[in-house]
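The values are calculated or read from the model by the stated rules, or taken from the named source; none is laboratory data. Values in this document were obtained by computation on a predicted structure and should not be read as measured data. Here Cβ is always computed from backbone atoms with ideal geometry, including for glycine, and neighbour counts include all displayed protein chains.
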Amino acid sequence: MAPLVAAGITATLIPALAPAPASAAEPPLQRFENQQPSWHRCDAALPAAFQCATIKVPLDYSHPEAKTIKLAISRMRTSVAGKRHGALFLNPGGPGGEGLDMPAMMKDTIPKKVREQYDLIGFDPRGVGTSSPLTCGLTAAQENIEHPYRPATFSRDVKWARTVADKCRAKYGDKLPYFTTRNTARDMDVIRAVLGEKKISYLGYSYGTYLGAVYAQMFPERTDRFVLDSAVDPARIWRGMIQVWAEGTEPAFTRWTKWTAERHRTYKLGNTAAKVKKTFWDLIARADRTPIDVGGDKLTGDDIRATLRQQFFSPQTAAESVVDFKRAADGHRISHRSLTSDSRPVPRRSVASAAQPPADNGSAAFWTVVCGDTAAWPHDVEQYRRDAIRDKAKYPIYGDFGSNITPCAFWDKPVEPVTKVDNNVGLLTVQNQWDSQTPLTSGLGMHHALKGSRMVYVKGGEGHGVYSGDPRFCANRTINAYLSSGKLPAQDVTCTTSGRQSPRVNQGIVPTPQRTPGAPSF
(Lines give C-alpha, C1' and ligand atoms only; values in the text may rest on other atoms or scores of the structure.)
Protein backbone atom coordinates (compact mmCIF):
# COMPACT_ATOMS: atom_id res chain seq x y z
CA MET A 1 0.00 0.00 0.00
CA ALA A 2 0.08 7.78 -1.58
CA PRO A 3 0.10 6.85 2.20
CA LEU A 4 -1.39 8.83 4.98
CA VAL A 5 1.95 9.59 6.55
CA ALA A 6 3.25 11.74 9.29
CA ALA A 7 0.25 13.33 10.71
CA GLY A 8 -1.26 16.58 11.63
CA ILE A 9 -2.38 16.13 15.17
CA THR A 10 -0.85 18.68 17.51
CA ALA A 11 -3.19 18.43 20.48
CA THR A 12 -2.15 16.26 23.42
CA LEU A 13 -3.94 12.92 23.40
CA ILE A 14 -5.06 12.11 26.94
CA PRO A 15 -5.48 8.48 28.01
CA ALA A 16 -8.71 7.84 29.88
CA LEU A 17 -8.15 4.36 31.19
CA ALA A 18 -8.08 4.04 34.97
CA PRO A 19 -5.10 1.99 36.18
CA ALA A 20 -7.12 -0.01 38.69
CA PRO A 21 -6.92 -3.79 38.12
CA ALA A 22 -9.93 -5.54 36.68
CA SER A 23 -12.23 -7.37 39.05
CA ALA A 24 -12.02 -11.16 38.86
CA ALA A 25 -15.77 -11.23 38.19
CA GLU A 26 -15.87 -8.89 35.22
CA PRO A 27 -15.29 -9.92 31.59
CA PRO A 28 -11.58 -9.61 30.72
CA LEU A 29 -12.05 -6.75 28.23
CA GLN A 30 -14.71 -4.84 30.17
CA ARG A 31 -12.32 -2.26 31.59
CA PHE A 32 -11.14 -1.45 28.06
CA GLU A 33 -14.63 -1.36 26.57
CA ASN A 34 -15.89 0.92 29.36
CA GLN A 35 -13.31 3.67 28.73
CA GLN A 36 -14.62 7.20 28.47
CA PRO A 37 -12.37 8.98 25.93
CA SER A 38 -11.43 12.59 26.53
CA TRP A 39 -12.44 13.98 23.13
CA HIS A 40 -10.90 17.26 22.00
CA ARG A 41 -10.29 19.18 18.79
CA CYS A 42 -7.55 17.43 16.83
CA ASP A 43 -5.88 20.47 15.33
CA ALA A 44 -6.65 24.17 15.01
CA ALA A 45 -6.08 23.91 11.26
CA LEU A 46 -8.79 21.26 10.92
CA PRO A 47 -12.56 21.54 11.48
CA ALA A 48 -13.71 21.82 15.09
CA ALA A 49 -15.97 18.83 14.49
CA PHE A 50 -12.89 16.68 13.92
CA GLN A 51 -12.13 15.28 17.38
CA CYS A 52 -9.33 13.09 18.73
CA ALA A 53 -8.74 10.98 21.80
CA THR A 54 -6.50 8.22 23.11
CA ILE A 55 -7.59 4.92 24.59
CA LYS A 56 -5.66 1.93 25.84
CA VAL A 57 -5.84 -1.63 24.55
CA PRO A 58 -4.09 -4.84 25.61
CA LEU A 59 -0.74 -5.54 24.01
CA ASP A 60 -1.62 -9.25 24.17
CA TYR A 61 -5.33 -10.03 24.13
CA SER A 62 -4.72 -13.45 25.66
CA HIS A 63 -3.40 -11.59 28.74
CA PRO A 64 -5.45 -8.36 28.89
CA GLU A 65 -4.49 -7.85 32.52
CA ALA A 66 -0.84 -7.36 31.52
CA LYS A 67 0.81 -4.68 29.35
CA THR A 68 -1.21 -2.09 27.45
CA ILE A 69 -0.50 0.19 24.51
CA LYS A 70 -1.98 3.52 23.45
CA LEU A 71 -4.32 3.81 20.50
CA ALA A 72 -5.08 7.16 18.83
CA ILE A 73 -8.67 7.44 17.57
CA SER A 74 -10.65 10.20 15.88
CA ARG A 75 -14.21 10.98 14.89
CA MET A 76 -16.25 13.40 12.86
CA ARG A 77 -19.90 13.40 13.77
CA THR A 78 -21.54 13.88 10.41
CA SER A 79 -24.67 11.87 11.12
CA VAL A 80 -28.02 13.64 11.41
CA ALA A 81 -30.64 12.84 14.02
CA GLY A 82 -33.32 10.63 12.53
CA LYS A 83 -31.03 9.51 9.71
CA ARG A 84 -28.15 8.04 11.69
CA HIS A 85 -27.28 4.42 10.93
CA GLY A 86 -24.03 4.07 12.87
CA ALA A 87 -20.25 4.49 12.72
CA LEU A 88 -18.16 4.16 9.55
CA PHE A 89 -14.58 3.10 10.32
CA LEU A 90 -11.90 4.12 7.80
CA ASN A 91 -8.48 2.66 6.98
CA PRO A 92 -6.03 3.84 4.28
CA GLY A 93 -3.90 0.74 3.76
CA GLY A 94 -0.33 -0.17 4.55
CA PRO A 95 0.54 -2.01 6.72
CA GLY A 96 1.93 1.17 8.22
CA GLY A 97 -0.61 3.67 6.87
CA GLU A 98 -1.88 6.24 9.37
CA GLY A 99 -5.65 6.61 9.51
CA LEU A 100 -6.20 9.16 12.24
CA ASP A 101 -7.14 12.04 9.96
CA MET A 102 -9.16 10.01 7.46
CA PRO A 103 -12.52 11.38 8.69
CA ALA A 104 -11.40 14.91 7.75
CA MET A 105 -9.90 13.77 4.46
CA MET A 106 -12.81 11.57 3.38
CA LYS A 107 -15.56 13.97 4.40
CA ASP A 108 -15.86 15.50 0.93
CA THR A 109 -15.46 12.16 -0.87
CA ILE A 110 -18.47 10.64 0.85
CA PRO A 111 -21.65 12.34 -0.42
CA LYS A 112 -23.89 14.20 2.00
CA LYS A 113 -26.71 11.67 1.72
CA VAL A 114 -24.39 8.91 2.91
CA ARG A 115 -22.50 11.08 5.40
CA GLU A 116 -25.71 12.00 7.20
CA GLN A 117 -26.10 8.36 8.20
CA TYR A 118 -22.66 7.93 9.76
CA ASP A 119 -20.17 9.25 12.21
CA LEU A 120 -16.77 8.89 10.52
CA ILE A 121 -14.17 7.08 12.64
CA GLY A 122 -10.41 7.12 12.10
CA PHE A 123 -7.56 5.51 13.98
CA ASP A 124 -3.86 4.90 13.72
CA PRO A 125 -3.45 1.11 13.88
CA ARG A 126 -1.29 -0.23 16.70
CA GLY A 127 2.37 0.49 16.08
CA VAL A 128 1.60 3.23 13.56
CA GLY A 129 1.66 7.03 13.69
CA THR A 130 0.57 8.14 17.14
CA SER A 131 -0.55 4.67 18.33
CA SER A 132 2.51 3.44 20.24
CA PRO A 133 4.59 3.81 17.06
CA LEU A 134 7.18 1.21 16.16
CA THR A 135 10.73 2.02 15.14
CA CYS A 136 13.56 -0.37 14.42
CA GLY A 137 16.13 2.39 14.00
CA LEU A 138 16.45 1.66 10.28
CA THR A 139 18.57 3.85 8.06
CA ALA A 140 17.20 5.12 4.75
CA ALA A 141 19.26 2.47 2.96
CA GLN A 142 17.81 -0.27 5.19
CA GLU A 143 14.29 0.94 4.41
CA ASN A 144 14.82 0.36 0.69
CA ILE A 145 13.02 -2.87 -0.19
CA GLU A 146 14.03 -3.01 -3.86
CA HIS A 147 16.54 -5.87 -3.96
CA PRO A 148 16.90 -7.44 -7.41
CA TYR A 149 18.52 -10.84 -7.45
CA ARG A 150 22.08 -11.02 -8.70
CA PRO A 151 24.55 -13.74 -7.66
CA ALA A 152 27.17 -11.13 -6.76
CA THR A 153 24.87 -9.21 -4.41
CA PHE A 154 22.77 -11.98 -2.85
CA SER A 155 24.95 -12.29 0.27
CA ARG A 156 24.55 -8.54 0.77
CA ASP A 157 20.76 -8.90 0.45
CA VAL A 158 20.80 -11.67 3.07
CA LYS A 159 22.79 -9.43 5.40
CA TRP A 160 20.26 -6.60 4.88
CA ALA A 161 17.31 -8.88 5.66
CA ARG A 162 18.96 -10.30 8.78
CA THR A 163 19.96 -6.82 9.99
CA VAL A 164 16.41 -5.45 9.72
CA ALA A 165 15.00 -8.43 11.62
CA ASP A 166 17.70 -8.24 14.28
CA LYS A 167 17.23 -4.49 14.81
CA CYS A 168 13.46 -4.87 15.24
CA ARG A 169 13.89 -7.81 17.63
CA ALA A 170 16.52 -5.98 19.67
CA LYS A 171 14.23 -2.98 20.01
CA TYR A 172 11.04 -4.76 21.07
CA GLY A 173 11.87 -8.32 22.04
CA ASP A 174 8.78 -10.17 23.27
CA LYS A 175 6.42 -7.27 22.40
CA LEU A 176 7.01 -7.51 18.65
CA PRO A 177 4.76 -10.55 17.94
CA TYR A 178 1.64 -8.70 19.09
CA PHE A 179 1.60 -6.04 16.37
CA THR A 180 -0.50 -8.09 13.96
CA THR A 181 -3.59 -7.76 11.81
CA ARG A 182 -5.58 -9.98 14.16
CA ASN A 183 -4.80 -7.73 17.11
CA THR A 184 -5.59 -4.61 15.10
CA ALA A 185 -8.99 -6.16 14.33
CA ARG A 186 -9.45 -6.76 18.06
CA ASP A 187 -8.51 -3.12 18.65
CA MET A 188 -11.24 -2.09 16.22
CA ASP A 189 -13.74 -4.07 18.25
CA VAL A 190 -12.64 -2.33 21.45
CA ILE A 191 -13.13 1.03 19.68
CA ARG A 192 -16.60 -0.16 18.64
CA ALA A 193 -17.48 -0.92 22.25
CA VAL A 194 -16.02 2.35 23.52
CA LEU A 195 -18.20 4.21 21.01
CA GLY A 196 -21.26 2.30 22.18
CA GLU A 197 -21.92 0.70 18.79
CA LYS A 198 -23.37 -2.78 18.41
CA LYS A 199 -21.93 -3.09 14.90
CA ILE A 200 -19.53 -1.14 12.72
CA SER A 201 -19.48 -0.24 9.05
CA TYR A 202 -16.16 0.08 7.29
CA LEU A 203 -14.34 1.50 4.26
CA GLY A 204 -10.84 0.10 3.81
CA TYR A 205 -8.33 0.49 1.01
CA SER A 206 -5.60 -1.94 -0.02
CA TYR A 207 -4.12 -3.54 3.15
CA GLY A 208 -7.23 -2.10 4.81
CA THR A 209 -9.27 -4.66 2.85
CA TYR A 210 -7.43 -7.49 4.56
CA LEU A 211 -7.89 -5.84 7.95
CA GLY A 212 -11.61 -5.52 7.20
CA ALA A 213 -11.87 -9.12 6.05
CA VAL A 214 -10.09 -10.35 9.19
CA TYR A 215 -12.48 -8.33 11.32
CA ALA A 216 -15.44 -9.84 9.47
CA GLN A 217 -13.99 -13.33 10.02
CA MET A 218 -13.38 -12.76 13.73
CA PHE A 219 -16.50 -10.70 14.51
CA PRO A 220 -19.14 -11.54 11.87
CA GLU A 221 -22.02 -10.63 14.18
CA ARG A 222 -20.61 -7.10 14.54
CA THR A 223 -19.90 -6.58 10.84
CA ASP A 224 -22.35 -4.22 9.16
CA ARG A 225 -21.76 -2.48 5.81
CA PHE A 226 -18.19 -3.16 4.67
CA VAL A 227 -16.55 -1.80 1.50
CA LEU A 228 -13.17 -3.32 0.59
CA ASP A 229 -11.51 -1.24 -2.13
CA SER A 230 -8.54 -2.70 -4.07
CA ALA A 231 -8.30 -5.96 -2.23
CA VAL A 232 -5.51 -8.14 -0.93
CA ASP A 233 -5.88 -11.87 -1.60
CA PRO A 234 -6.13 -13.45 1.89
CA ALA A 235 -4.77 -16.74 0.51
CA ARG A 236 -1.48 -15.01 -0.41
CA ILE A 237 -0.58 -13.48 2.96
CA TRP A 238 2.10 -12.16 2.75
CA ARG A 239 4.91 -13.39 0.52
CA GLY A 240 2.46 -14.13 -2.27
CA MET A 241 1.20 -10.55 -2.19
CA ILE A 242 4.72 -9.23 -2.82
CA GLN A 243 5.19 -11.81 -5.56
CA VAL A 244 1.89 -10.83 -7.17
CA TRP A 245 3.40 -7.47 -8.03
CA ALA A 246 5.65 -9.32 -10.49
CA GLU A 247 2.89 -11.59 -11.69
CA GLY A 248 0.50 -8.73 -12.37
CA THR A 249 3.09 -6.58 -14.12
CA GLU A 250 3.58 -8.90 -17.11
CA PRO A 251 0.07 -8.50 -18.64
CA ALA A 252 0.27 -4.77 -17.91
CA PHE A 253 3.61 -4.64 -19.77
CA THR A 254 2.12 -6.52 -22.75
CA ARG A 255 -0.77 -4.06 -22.84
CA TRP A 256 1.70 -1.18 -22.66
CA THR A 257 3.72 -2.41 -25.64
CA LYS A 258 0.59 -2.60 -27.78
CA TRP A 259 -0.70 0.80 -26.61
CA THR A 260 2.66 2.46 -27.23
CA ALA A 261 3.12 0.88 -30.66
CA GLU A 262 -0.24 2.35 -31.72
CA ARG A 263 1.16 5.79 -30.79
CA HIS A 264 4.55 5.45 -32.44
CA ARG A 265 4.24 8.91 -33.97
CA THR A 266 4.09 10.39 -30.47
CA TYR A 267 6.62 8.30 -28.55
CA LYS A 268 8.82 6.81 -31.30
CA LEU A 269 9.50 3.67 -29.28
CA GLY A 270 8.50 1.23 -32.03
CA ASN A 271 5.59 0.74 -34.41
CA THR A 272 4.87 -2.82 -33.30
CA ALA A 273 4.53 -4.34 -29.85
CA ALA A 274 7.62 -6.47 -30.48
CA LYS A 275 9.69 -3.40 -31.36
CA VAL A 276 8.50 -1.51 -28.28
CA LYS A 277 9.41 -4.50 -26.12
CA LYS A 278 12.88 -4.60 -27.70
CA THR A 279 13.32 -0.86 -27.11
CA PHE A 280 12.58 -1.34 -23.42
CA TRP A 281 14.93 -4.28 -22.89
CA ASP A 282 17.67 -2.56 -24.91
CA LEU A 283 17.31 0.39 -22.53
CA ILE A 284 17.61 -1.93 -19.51
CA ALA A 285 20.75 -3.56 -20.94
CA ARG A 286 22.25 -0.17 -21.75
CA ALA A 287 21.63 1.10 -18.20
CA ASP A 288 23.19 -2.04 -16.75
CA ARG A 289 26.32 -1.42 -18.79
CA THR A 290 26.43 2.33 -18.10
CA PRO A 291 24.08 3.69 -15.41
CA ILE A 292 21.92 6.57 -16.64
CA ASP A 293 22.14 9.99 -15.00
CA VAL A 294 18.66 11.10 -13.89
CA GLY A 295 18.64 14.26 -11.79
CA GLY A 296 22.13 13.46 -10.50
CA ASP A 297 21.34 9.84 -9.61
CA LYS A 298 22.92 7.01 -11.58
CA LEU A 299 20.20 4.49 -12.43
CA THR A 300 20.93 0.91 -13.46
CA GLY A 301 18.63 -1.35 -15.43
CA ASP A 302 17.48 -2.82 -12.13
CA ASP A 303 16.56 0.65 -10.89
CA ILE A 304 14.55 1.32 -14.03
CA ARG A 305 12.73 -2.02 -13.79
CA ALA A 306 11.72 -1.22 -10.21
CA THR A 307 10.63 2.30 -11.16
CA LEU A 308 8.55 1.30 -14.15
CA ARG A 309 6.86 -1.73 -12.58
CA GLN A 310 3.97 0.33 -11.29
CA GLN A 311 3.88 2.70 -14.24
CA PHE A 312 3.12 0.00 -16.82
CA PHE A 313 -0.40 -0.16 -15.38
CA SER A 314 -0.96 3.37 -16.75
CA PRO A 315 0.47 3.16 -20.30
CA GLN A 316 0.82 6.88 -20.97
CA THR A 317 2.86 7.40 -17.80
CA ALA A 318 5.14 4.49 -18.67
CA ALA A 319 5.61 5.62 -22.28
CA GLU A 320 6.59 9.12 -21.18
CA SER A 321 9.03 7.71 -18.62
CA VAL A 322 10.71 5.40 -21.12
CA VAL A 323 11.10 8.33 -23.52
CA ASP A 324 12.71 10.34 -20.70
CA PHE A 325 15.05 7.51 -19.75
CA LYS A 326 16.11 7.11 -23.38
CA ARG A 327 16.78 10.83 -23.62
CA ALA A 328 18.82 10.69 -20.41
CA ALA A 329 20.82 7.77 -21.79
CA ASP A 330 21.58 9.93 -24.83
CA GLY A 331 22.98 12.65 -22.59
CA HIS A 332 19.97 14.93 -22.16
CA ARG A 333 19.24 16.35 -18.70
CA ILE A 334 15.97 15.18 -17.14
CA SER A 335 14.54 15.45 -13.64
CA HIS A 336 12.87 12.89 -11.42
CA ARG A 337 9.47 13.71 -12.88
CA SER A 338 9.34 10.20 -14.31
CA LEU A 339 9.93 8.58 -10.97
CA THR A 340 6.35 8.86 -9.76
CA SER A 341 4.43 5.87 -8.50
CA ASP A 342 0.95 4.51 -7.95
CA SER A 343 1.44 3.03 -4.53
CA ARG A 344 -1.40 4.27 -2.34
CA PRO A 345 -5.05 5.08 -2.91
CA VAL A 346 -5.33 8.04 -0.54
CA PRO A 347 -3.48 11.39 -0.28
CA ARG A 348 -0.76 12.26 2.19
CA ARG A 349 -1.41 14.29 5.27
CA SER A 350 -0.70 17.97 4.90
CA VAL A 351 -0.84 19.24 8.49
CA ALA A 352 2.38 19.38 10.51
CA SER A 353 2.55 17.50 13.78
CA ALA A 354 4.36 18.42 16.96
CA ALA A 355 5.02 14.73 17.64
CA GLN A 356 6.04 13.10 14.40
CA PRO A 357 6.35 9.31 14.39
CA PRO A 358 9.84 7.88 13.92
CA ALA A 359 11.26 8.23 10.42
CA ASP A 360 11.22 4.48 9.82
CA ASN A 361 7.77 3.92 11.33
CA GLY A 362 6.16 2.91 8.03
CA SER A 363 8.82 0.34 7.25
CA ALA A 364 8.99 -0.99 10.81
CA ALA A 365 5.22 -1.42 10.95
CA PHE A 366 5.13 -3.03 7.51
CA TRP A 367 7.67 -5.75 8.29
CA THR A 368 6.28 -6.33 11.77
CA VAL A 369 2.83 -7.10 10.37
CA VAL A 370 3.74 -9.03 7.23
CA CYS A 371 6.33 -11.13 9.06
CA GLY A 372 4.26 -11.54 12.23
CA ASP A 373 0.91 -12.41 10.63
CA THR A 374 1.95 -15.76 9.20
CA ALA A 375 4.49 -18.56 9.60
CA ALA A 376 4.44 -19.25 5.85
CA TRP A 377 7.68 -17.38 5.15
CA PRO A 378 10.56 -19.72 4.22
CA HIS A 379 13.56 -19.72 6.55
CA ASP A 380 15.90 -21.44 4.11
CA VAL A 381 18.06 -18.72 2.57
CA GLU A 382 18.74 -20.83 -0.51
CA GLN A 383 15.02 -21.16 -1.24
CA TYR A 384 14.87 -17.41 -1.77
CA ARG A 385 17.78 -17.64 -4.19
CA ARG A 386 16.11 -20.46 -6.14
CA ASP A 387 12.75 -18.68 -6.22
CA ALA A 388 14.30 -15.40 -7.35
CA ILE A 389 16.13 -17.13 -10.20
CA ARG A 390 12.96 -18.97 -11.22
CA ASP A 391 10.75 -15.88 -11.11
CA LYS A 392 13.24 -13.64 -12.90
CA ALA A 393 12.86 -16.00 -15.86
CA LYS A 394 9.09 -16.27 -15.45
CA TYR A 395 8.34 -12.59 -14.74
CA PRO A 396 11.34 -10.70 -16.20
CA ILE A 397 10.39 -7.19 -15.10
CA TYR A 398 10.03 -7.74 -11.36
CA GLY A 399 10.08 -11.47 -10.56
CA ASP A 400 13.50 -11.46 -8.93
CA PHE A 401 12.58 -8.46 -6.77
CA GLY A 402 9.33 -10.08 -5.61
CA SER A 403 10.89 -13.42 -4.65
CA ASN A 404 14.20 -12.26 -3.19
CA ILE A 405 14.93 -12.56 0.51
CA THR A 406 13.17 -10.34 3.08
CA PRO A 407 13.52 -9.76 6.84
CA CYS A 408 10.73 -12.32 7.36
CA ALA A 409 13.26 -15.08 6.68
CA PHE A 410 14.78 -14.25 10.08
CA TRP A 411 11.62 -13.32 12.01
CA ASP A 412 10.47 -15.18 15.09
CA LYS A 413 7.54 -17.57 14.84
CA PRO A 414 4.11 -15.85 15.11
CA VAL A 415 2.20 -16.26 18.35
CA GLU A 416 -0.99 -17.41 16.60
CA PRO A 417 -1.94 -18.84 13.19
CA VAL A 418 -2.76 -16.67 10.20
CA THR A 419 -6.46 -15.90 9.79
CA LYS A 420 -8.24 -18.06 7.23
CA VAL A 421 -10.75 -15.79 5.53
CA ASP A 422 -13.66 -17.96 4.48
CA ASN A 423 -17.14 -16.73 5.38
CA ASN A 424 -20.53 -15.75 4.05
CA VAL A 425 -20.67 -12.21 5.44
CA GLY A 426 -22.34 -9.92 2.92
CA LEU A 427 -20.03 -7.06 1.91
CA LEU A 428 -18.80 -5.20 -1.17
CA THR A 429 -15.40 -5.51 -2.85
CA VAL A 430 -14.22 -2.97 -5.44
CA GLN A 431 -11.47 -3.40 -8.02
CA ASN A 432 -9.83 -1.65 -10.98
CA GLN A 433 -8.73 -3.90 -13.84
CA TRP A 434 -5.25 -2.31 -13.97
CA ASP A 435 -4.19 -1.92 -10.35
CA SER A 436 -0.45 -2.17 -9.71
CA GLN A 437 -0.45 -2.85 -5.96
CA THR A 438 -3.38 -5.25 -5.70
CA PRO A 439 -3.72 -6.60 -9.24
CA LEU A 440 -7.04 -8.00 -10.42
CA THR A 441 -6.11 -11.57 -9.53
CA SER A 442 -5.66 -10.40 -5.94
CA GLY A 443 -9.03 -8.67 -5.83
CA LEU A 444 -10.70 -11.77 -7.21
CA GLY A 445 -9.01 -13.85 -4.53
CA MET A 446 -10.64 -11.74 -1.82
CA HIS A 447 -14.00 -11.84 -3.59
CA HIS A 448 -13.93 -15.63 -3.81
CA ALA A 449 -12.86 -16.02 -0.16
CA LEU A 450 -15.80 -13.87 0.97
CA LYS A 451 -18.60 -16.05 -0.36
CA GLY A 452 -21.32 -13.59 0.58
CA SER A 453 -19.65 -10.66 -1.18
CA ARG A 454 -20.40 -8.81 -4.39
CA MET A 455 -17.72 -7.22 -6.53
CA VAL A 456 -17.71 -3.92 -8.38
CA TYR A 457 -15.22 -4.31 -11.22
CA VAL A 458 -14.04 -1.32 -13.26
CA LYS A 459 -13.14 -2.64 -16.70
CA GLY A 460 -10.19 -0.65 -18.02
CA GLY A 461 -9.83 1.13 -14.69
CA GLU A 462 -6.30 2.21 -13.80
CA GLY A 463 -4.72 3.03 -10.46
CA HIS A 464 -4.81 1.82 -6.91
CA GLY A 465 -8.10 2.74 -5.27
CA VAL A 466 -11.50 3.14 -6.92
CA TYR A 467 -13.87 5.03 -4.63
CA SER A 468 -13.87 8.78 -5.22
CA GLY A 469 -16.12 11.78 -4.85
CA ASP A 470 -17.75 11.66 -8.31
CA PRO A 471 -21.35 10.56 -7.62
CA ARG A 472 -21.99 9.95 -11.34
CA PHE A 473 -19.35 7.24 -11.69
CA CYS A 474 -20.87 3.76 -11.82
CA ALA A 475 -18.63 2.30 -9.12
CA ASN A 476 -19.26 5.21 -6.76
CA ARG A 477 -23.01 4.99 -7.32
CA THR A 478 -22.97 1.33 -6.37
CA ILE A 479 -20.83 1.92 -3.28
CA ASN A 480 -22.94 4.85 -2.10
CA ALA A 481 -26.18 2.91 -2.64
CA TYR A 482 -24.83 0.05 -0.54
CA LEU A 483 -23.61 2.33 2.26
CA SER A 484 -27.01 4.09 2.25
CA SER A 485 -29.26 1.04 2.19
CA GLY A 486 -27.14 -1.90 3.29
CA LYS A 487 -28.46 -3.78 0.27
CA LEU A 488 -25.87 -5.49 -1.92
CA PRO A 489 -26.30 -5.63 -5.70
CA ALA A 490 -28.09 -8.77 -6.87
CA GLN A 491 -25.02 -9.70 -8.94
CA ASP A 492 -21.43 -8.60 -9.41
CA VAL A 493 -21.31 -5.24 -11.18
CA THR A 494 -19.03 -4.39 -14.10
CA CYS A 495 -18.46 -0.69 -14.74
CA THR A 496 -16.54 0.99 -17.54
CA THR A 497 -14.07 3.84 -17.23
CA SER A 498 -16.64 6.13 -18.87
CA GLY A 499 -18.64 5.75 -15.68
CA ARG A 500 -21.40 3.68 -17.23
CA GLN A 501 -22.54 0.31 -16.01
CA SER A 502 -21.64 -2.40 -18.51
CA PRO A 503 -24.41 -4.53 -20.05
CA ARG A 504 -22.44 -7.47 -18.59
CA VAL A 505 -23.55 -6.54 -15.07
CA ASN A 506 -25.73 -9.63 -14.61
CA GLN A 507 -23.07 -11.98 -15.97
CA GLY A 508 -20.67 -11.51 -13.09
CA ILE A 509 -17.01 -10.67 -13.20
CA VAL A 510 -14.74 -11.05 -16.23
CA PRO A 511 -12.12 -13.82 -16.20
CA THR A 512 -8.86 -13.27 -14.34
CA PRO A 513 -6.07 -11.97 -16.60
CA GLN A 514 -2.75 -13.80 -16.80
CA ARG A 515 -1.09 -13.45 -14.10
CA THR A 516 10.59 3.04 -5.07
CA PRO A 517 12.65 2.50 -2.87
CA GLY A 518 11.34 3.07 0.68
CA ALA A 519 8.58 1.57 2.77
CA PRO A 520 6.47 -0.93 0.81
CA SER A 521 2.71 -0.79 0.81
CA PHE A 522 -0.52 -2.42 -0.23
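Within the range 376-408, take every residue that is in a helix (DSSP H, G or I) and among the acidic types (Asp, Glu) and give me the one that is nearest to Lys420 (Cα to Cα). Lay out the reasoning, then the answer.
First pass over the range 376-408, keeping only residues in a helix (DSSP H, G or I): 381-394, 399-403, 407-408.
Filter once more, keeping what is among the acidic types (Asp, Glu): 382, 387, 391, 400.
Details: Glu382: 28, Asp387: 25, Asp391: 26, Asp400: 28 Å.
Ranking the candidates gives Asp387 first.
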Exercise for the section: Could you run through the range 437-464 and say how many residues are part of a loop (DSSP other than H, G, I, E, B) and buried (at least 23 other Cβ atoms within 10 Å of the Cβ)? Expected result: 5
Handout entry: Residue check for Arg150: part of a helix (DSSP H, G or I), at pLDDT 95 or above and either surrounded by fewer than 24 Cβ atoms within 10 Å (Cβ to Cβ) or touching a Ser or Thr at 6+ places or on another chain (Cβ under 7 Å) (or both)
Key = no
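Looking at this structure, is Trp411 in contact with a Gly (Cβ under 8 Å, 6 or more places away or on another chain) and within 30 Å of Ala475 (Cβ to Cβ)? Walk me through it before giving the result.
Details: in contact with a Gly (Cβ under 8 Å, 6 or more places away or on another chain): yes; within 30 Å of Ala475 (Cβ to Cβ): no.
Here the answer is no, as Trp411 does not meet what is asked.
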Practice task
Evaluate the range 167-177: report whether one residue or more is part of a helix (DSSP H, G or I), acidic (Asp, Glu), in contact with a helix residue (DSSP H, G or I) (Cβ under 7 Å, 6 or more places away or on another chain) and not assigned by TED's automatic domain parsing to the domain that holds Gly469.
Solution key: no
Practice task
Report yes if Arg182 is touching an Asp or Glu at 6+ places or on another chain (Cβ under 8 Å), at pLDDT 95 or above and not small (Gly, Ala, Ser), otherwise no.
Solution key: yes
Problem - Tally of residues being over 14 Å from Ser436 (Cβ atoms) and under 30 Å from the mean Cα position of the chain (by Cα) across the range 244-276 - result: 5
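Conditions (1) in contact with a helix residue (DSSP H, G or I) (Cβ under 6 Å, 6 or more places away or on another chain); (2) within 23 Å of Trp367 (Cβ to Cβ), marked per residue:
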site	(1), (2)
Arg239	no, yes
Pro251	no, no
Trp256	yes, no
His264	no, no
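Please determine, by comparing only the residues of the range 178-211 that are of a type in the set (A, V, I, L, M) and assigned to a strand (DSSP E or B), which one is nearest to the chain's Cα centre (by Cα).
Restricting attention to the range 178-211, the residues satisfying the condition of being of a type in the set (A, V, I, L, M) are 185, 188, 190-191, 193-195, 200, 203, 211.
Next, only the ones that are assigned to a strand (DSSP E or B) stay: 200, 203.
On the way: Ile200: 21, Leu203: 13 Å.
It comes out as Leu203.
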Handout entry: Residues located in the range 423-468, provided they are over 15 Å from the mean Cα position of the chain (by Cα) and on the phi > 0 side of the Ramachandran plot
Key = Gly460
Practice task
Give Pro95, Pro47 a once-over and let me know the one that is assigned to a loop (DSSP other than H, G, I, E, B) and at pLDDT below 95.
Solution key: Pro47
